[in-house]
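First up is the structure itself, then whatever we jot down about it.
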Amino acid sequence: MKLKNLILASALLLTLAQSSFSRPVSVTNGIRHFGPITKEISDSVRASAVASLRVEMYIWLKDNVNVDLDTMNTVKNHALNKFAERGLASAEEKTFTKGRTWNLSLSVSEANLREALREHNSYYGALLTQNWERYQTVSQTDPDAALSNSIRALGAASLLIGVDVQKPSTQELRRTVQSLFDRIEVKSDAMVIEGRPGGRPVKSPSAKFTIDKEPLTGLQVTAFVQNGRQLSQMASFIDGTLALDDHIIPFVHNGSMLTLALDARSYIDASSYIRFRDLGIRLNRGQELSFIYKIPTLTCALNFKAFSPDSSIEVPREFSANSHVINFLRDSCNIRIAPAGAKPDLTIDINVEFSRKFYEELADESIVMKGKAGFKGDWVSKNGDTLFEKRREMGTAVEMGPYFHEAAGVLRAMIKNALHN
């Protein structure tokens, strides 16, 4: 009797496990709505659902494939993105209305997820083999090509999900790339970049990459200012040099640092910065460079206006006065108000308008901030705009203090984006 009960219990557990194992990955995102669904609304809800589905695919890999991808690692995060793209291609999409909520659901079957994973690993496995064979062909004759193909092979191996690479192993690939990196040198003849914010340098150092004393061509580099913001991307020319004289000096303070960091994104077809250390590669010979900006503080004439044509919206004095804008330009952009009678370097025009907007089909209303900014000078011509909207159900109050505090942050972001883009 006990044996029979044990068999029945085991069968039940197996049935439950198989049912759980075959359960599709699905998400549903919705929005409260009464009227027709516009393309803007559906695109917004779908984008939210896609982001949620990516998270669910990450959990599926962890629970069903026993793979816990470290998304803080830029390479593993890219692997998750590429797998999610394949999974999303087979997702079933449905829309439905429940009560006052319009919903969009995305669902991927267990079989399709496993097929997406198989295709993902097949693709990167083929890339690994292809680039490793190319590396072996040129390893003794062409250091440039050897470096490029070995990095691509290591990148492909690192993008495999739940697969142990054997021939060559990931460790062998990493040792190969590391040995090549240890032969790379970079030299610069100076540390200071001179010029004006918003313009090209008038004096800049030269930087040159070599491998075994020969110019290294096509090495990808991303330039960062010291707050971590990416400034630009560049690659070494045929003579191994970088075009530091051609970048636009950012609106930073005198003495700020510019760092040139080696970037692996092009080797694995990624759209964002990929750290070589996330491939397990060490820069043992200091192959990253840092420079110092020697630049003046710019002066400006500021024309700032913040208003509302709607009498029910009272713009607080702390916002409508220009002091918060002046402080931000001084502290974050290295721009000060020109002294009386002096010619300013820049003319800055910033206009901010607040209004109400009603969504009858949603039973919502909102306060909308529209901002526009222009920056003009002999060598600078930049523009920016922004839209900030805070929605609520009709008849409910908005706390205006926190709203304008948040609006001020959006305004600062507009100014920074306009100057830096």
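The values are calculated or read from the model by the stated rules, or taken from the named source; none is laboratory data. It should be emphasised that the depicted structure is a prediction, and the values quoted were computed from it without experimental measurement. Neighbour counts are summed over all protein chains in view; Cβ atoms, including those assigned to glycine, are modelled from backbone coordinates with ideal geometry.
For the structure I just gave you, tell me whether Arg174 is of a type outside the set (Val, Ile, Thr), under 16 Å from Phe276 (Cα atoms) and out of contact with any strand residue (DSSP E or B) (no Cβ under 7 Å at 6 or more places or on another chain). Working first, answer last.
Details: of a type outside the set (Val, Ile, Thr): yes; under 16 Å from Phe276 (Cα atoms): yes; out of contact with any strand residue (DSSP E or B) (no Cβ under 7 Å at 6 or more places or on another chain): yes.
It is true that Arg174 is of a type outside the set (Val, Ile, Thr), under 16 Å from Phe276 (Cα atoms) and out of contact with any strand residue (DSSP E or B) (no Cβ under 7 Å at 6 or more places or on another chain).
Within the stretch 212-223, count every residue that is out of contact with any Phe, Trp or Tyr (no Cβ under 8 Å at 6 or more places or on another chain) and surrounded by fewer than 20 Cβ atoms within 10 Å (Cβ to Cβ). Explain how you work it out, then say what you get.
Initial filter on the stretch 212-223 (out of contact with any Phe, Trp or Tyr (no Cβ under 8 Å at 6 or more places or on another chain)): 212-214, 218, 221, 223.
Now narrow it down to the ones that are surrounded by fewer than 20 Cβ atoms within 10 Å (Cβ to Cβ): 212-214, 218.
The total comes to 4.
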Next item on the list: Determine, yes or no, whether Tyr123 is surrounded by 14 or more Cβ atoms within 10 Å (Cβ to Cβ) and either under 30 Å from Ile238 (Cα atoms) or touching a His at 6+ places or on another chain (Cβ under 6 Å) (or both).
Entry: no
Check: Taking the stretch 227-251 as the region of interest, how many residues are more than 21 Å from Asn73 (Cα to Cα) and part of a loop (DSSP other than H, G, I, E, B)?
Finding: 12
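Determine which member of the set Arg200, Arg196 is in contact with a His (Cβ under 9 Å, 6 or more places away or on another chain), among the charged types (D, E, K, R), at negative phi and assigned by TED's automatic domain parsing to the domain that holds Leu289.
Working: Arg196 fails: in contact with a His (Cβ under 9 Å, 6 or more places away or on another chain).
Among Arg200, Arg196, only Arg200 is in contact with a His (Cβ under 9 Å, 6 or more places away or on another chain), among the charged types (D, E, K, R), at negative phi and assigned by TED's automatic domain parsing to the domain that holds Leu289.
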Next item on the list: Scan the stretch 239-277 for residues that are more than 18 Å from Ala190 (Cα to Cα), charged (D, E, K, R) and over 21 Å from the mean Cα position of the chain (by Cα) and jot them down.
Entry: Asp239
Notebook entry, point to check: Thr101 fails exactly one of the following numbered conditions: (1) of a type outside the set (Lys, Arg); (2) closer than 30 Å to Gln166 by Cβ; (3) exposed (fewer than 15 other Cβ atoms within 10 Å of the Cβ); (4) at pLDDT below 95. What is the number of that condition?
Noted result: (2)
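Which one is surrounded by the fewest Cβ atoms within 10 Å (Cβ to Cβ), of the residues in the stretch 252-282 that are assigned to a loop (DSSP other than H, G, I, E, B) and touching a strand residue (DSSP E or B) at 6+ places or on another chain (Cβ under 7 Å)?
Among those that are assigned to a loop (DSSP other than H, G, I, E, B) and touching a strand residue (DSSP E or B) at 6+ places or on another chain (Cβ under 7 Å), it is Gly255.
For the stretch 73-90, how many residues are assigned to a loop (DSSP other than H, G, I, E, B) and modelled with pLDDT of 95 or more?
Of all residues in the stretch 73-90, those assigned to a loop (DSSP other than H, G, I, E, B) come to 73, 90.
Checking the rest, the ones that are also modelled with pLDDT of 95 or more come to 73.
Counting residues in the stretch 73-90 that are assigned to a loop (DSSP other than H, G, I, E, B) and modelled with pLDDT of 95 or more gives 1.
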Checklist line | Boolean, Leu346 is out of contact with any Ser or Thr (no Cβ under 8 Å at 6 or more places or on another chain), surrounded by 15 or more Cβ atoms within 10 Å (Cβ to Cβ) and either assigned by TED's automatic domain parsing to the domain that holds Ser366 or among the acidic types (Asp, Glu) (or both) | finding: no
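Which residues, taken from the stretch 34-46, are in contact with a strand residue (DSSP E or B) (Cβ under 9 Å, 6 or more places away or on another chain) and either among the charged types (D, E, K, R) or loosely packed, with under 11 Cβ neighbours inside 10 Å (or both)? Don't jump to the end; show me each part of the working.
Residues of the stretch 34-46 in contact with a strand residue (DSSP E or B) (Cβ under 9 Å, 6 or more places away or on another chain): 34-35, 37, 41-42, 44-46.
Answer for the stretch 34-46, where residues must be in contact with a strand residue (DSSP E or B) (Cβ under 9 Å, 6 or more places away or on another chain) and either among the charged types (D, E, K, R) or loosely packed, with under 11 Cβ neighbours inside 10 Å (or both): just Arg46.
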Item checked: Extreme residue, farthest from Leu180 (Cα to Cα), among residues of the stretch 285-306 that are surrounded by fewer than 13 Cβ atoms within 10 Å (Cβ to Cβ) and at pLDDT below 95 -> Gly286
Next item on the list: Quickly run through the stretch 47-63 and pick out the residues that are surrounded by fewer than 18 Cβ atoms within 10 Å (Cβ to Cβ) and over 23 Å from the mean Cα position of the chain (by Cα).
Entry: Lys62, Asp63
Check: Which pairs have Cβ atoms under 6 Å, sit 6 or more apart or on different chains, and link a residue in the stretch 259-286 that is closer than 23 Å to Gln226 by Cβ to one that is surrounded by fewer than 16 Cβ atoms within 10 Å (Cβ to Cβ) and among the charged types (D, E, K, R)?
Finding: Ala261/Glu288
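In the stretch 353-383, how many residues are under 28 Å from the mean Cα position of the chain (by Cα) and either part of a strand (DSSP E or B) or among the small types (Gly, Ala, Ser) (or both)? Step through it out loud before you land on a result.
Initially, the stretch 353-383 is screened for residues under 28 Å from the mean Cα position of the chain (by Cα), giving 368-375, 380-383.
Applying the additional criterion that residues be either part of a strand (DSSP E or B) or among the small types (Gly, Ala, Ser) (or both) yields 368-375, 381-383.
Residues flagged as under 28 Å from the mean Cα position of the chain (by Cα) and either part of a strand (DSSP E or B) or among the small types (Gly, Ala, Ser) (or both) within the stretch 353-383 amount to 11.
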